[in-house]
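The values are calculated or read from the model by the stated rules, or taken from the named source; none is laboratory data. The shown structure was predicted, so the numbers you read here are calculated from the model rather than taken from an experiment. Ideal geometry is used to build each Cβ from the backbone, glycine not excepted, and the neighbour counts take in all protein chains shown.
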Amino acid sequence: MKDNLIRFDWAMKRLLRDKSNYVVLEGFLSTLLGEDLRINRFLESESNQEDGSDKFNRADILVEDTRGRLLIVEVQNNRELDYFHRMLYGVSKTISEYINLGDDYDKVRKVYSINIVYFDLGQGRDYVYHGKTVFRGLHNPDDVLQLSARQQEIFAGRDAGDVFPEYYVLRVNDFDKVARTPLDEWISFLKTGEIDRSATAKGLPEARERLRVDALPDAEKRAYLRDMEALRYQRSVIKTGWDEGRVEGLKEGREEGLKEGREEGLKKGTEQERTRVAREMKGMGMPVDVIARCTGLSAEDIGRL
């Protein structure tokens with residue numbers, strides 16, 4: 001029988017900030033970054049609201065490890081065309097907030113931005129991506145700018161790019177393989193909410209025991225089930241709307257038989273479905289900013305529905 005486990009993004013908002021559950025997130029981070037990490041403390045982050053709409057927002061946490069590095073862990077369920085820009089903004093905001101006015105610049109800490117996304121972000125064939133800054137010679141691309149000997153002692157790196165933030169993007173919905181590595185075991189859990197009995201990746205055995213739905217207090221369990229049902233319905237409404245809009249648009253385009261007709265038909269059908277989806281979301285009581293982000297309509301257009 002499958003374990004009934006709490007979704008990772010919901011656990012991030014409520015359970016993993018409890019010191020007794022640090023071991024779960026430490027296991028995930030250690031597996032992803034390939035070193036043994038220990039959480040020092042959780043810091044404030046912008047999207048851990050406790051209001052009624054938080055289930056529709058991305059979850060994020062800001063962690064400081066024992067070496068003082070900052071790790072931003074984010075989960076995003078809704079499609080966002082500007083999500084890469086959001087990643088950049090989050091890192092920039094973190095760096096600026098955790099250096100005091102008048103401090104030397106060497107107080108800037110190493111930042112890792114770890115993004116778990118449940119939609120098609122960009123184009124690519126892999127399901128885990130890593131990005132970092134590299135300074136290459138303009139005339140000799142093999143020449144990578146390195147830190148001086150003294151800088152290497154201070155900053156615990158070798159290349160100049162080691163000082164700069166690093167990014168990880170986990171496109172979990174693109175994972176369709178048998179989990180053969182510890183990281184794959186984690187990706188499988190993030191996608192399905194299930195942990196195979198044979199999984200041994202660091203943190204997963206503890207997650208299996210501590211993230212059980214039946215272990216939640218009754219009030220928390222009801223809140224969790226309500227949030228998951230609302231999220232499922234939201235996804236269904238949005239997916240249906242986009243699919244129907246695309247089909248209708250292509251149909252109108254074929255009937256006109258011209259490229260302009262196809263484009264105009266697709267646009268018209270999509271706009272009609274976006275309006276319908278927005279109306280349904282508004283009827284569910286979803287916040288205007290969430291509806292706008294999901295449908296692309298303006299707050300004024302939504303207000304007129």
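Could you list, in sequence order, the residues of segment 17-39 that are closer than 17 Å to Phe189 by Cβ and of a type outside the set (A, V, I, L, M, F, W, C)? Within segment 17-39, Asn21, Glu26, Gly27, Ser30, Thr31 qualify. If you filter segment 112-155 down to residues that are in contact (Cβ under 8 Å) with a residue 24 or more places away in the chain and among the small types (Gly, Ala, Ser), you find that the one that is nearest to Asp82 (Cα to Cα) is Gly122.
The rows are residues; the columns are (1) exposed (fewer than 12 other Cβ atoms within 10 Å of the Cβ); (2) in contact with a Lys or Arg (Cβ under 6 Å, 6 or more places away or on another chain).
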| residue | (1), (2) |
| --- | --- |
| Ser92 | no, no |
| Tyr105 | yes, no |
| Val108 | no, no |
| Phe119 | no, yes |
| Phe135 | no, no |
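The requirement of being assigned by TED's automatic domain parsing to the domain that holds Leu190, of a type outside the set (Lys, Arg) and at pLDDT below 90 is satisfied by Val75. Taken over segment 166-205, the residue count meeting the criterion of being acidic (Asp, Glu) and either under 27 Å from Arg109 (Cβ atoms) or outside the structural domain of Val23 (by TED's automatic domain parsing) (or both) is 1. Scanning segment 178-187 for residues that are at pLDDT below 95 and not in a loop (DSSP other than H, G, I, E, B) returns no hits. Considering the conditions (1) touching a strand residue (DSSP E or B) at 6+ places or on another chain (Cβ under 8 Å); (2) basic (Lys, Arg); (3) modelled with pLDDT of 80 or more, Arg58 is excluded by exactly one of them, (3).
For segment 165-189, the set of residues classified as among the basic types (Lys, Arg) and surrounded by fewer than 21 Cβ atoms within 10 Å (Cβ to Cβ) consists of Lys177, Arg180, listed by residue number. Scanning segment 188-226 for residues that are closer than 20 Å to Leu33 by Cα, outside any helix (DSSP H, G or I) and among the aliphatic types (A, V, I, L, M) gives Ala199, Ala201. Of the helices (runs of 4 or more DSSP H) entirely within segment 245-305, those holding at least 1 residues that are at pLDDT below 75, exposed (fewer than 14 other Cβ atoms within 10 Å of the Cβ) and in the same structural domain as Arg226 (by TED's automatic domain parsing) occupy 259-283.
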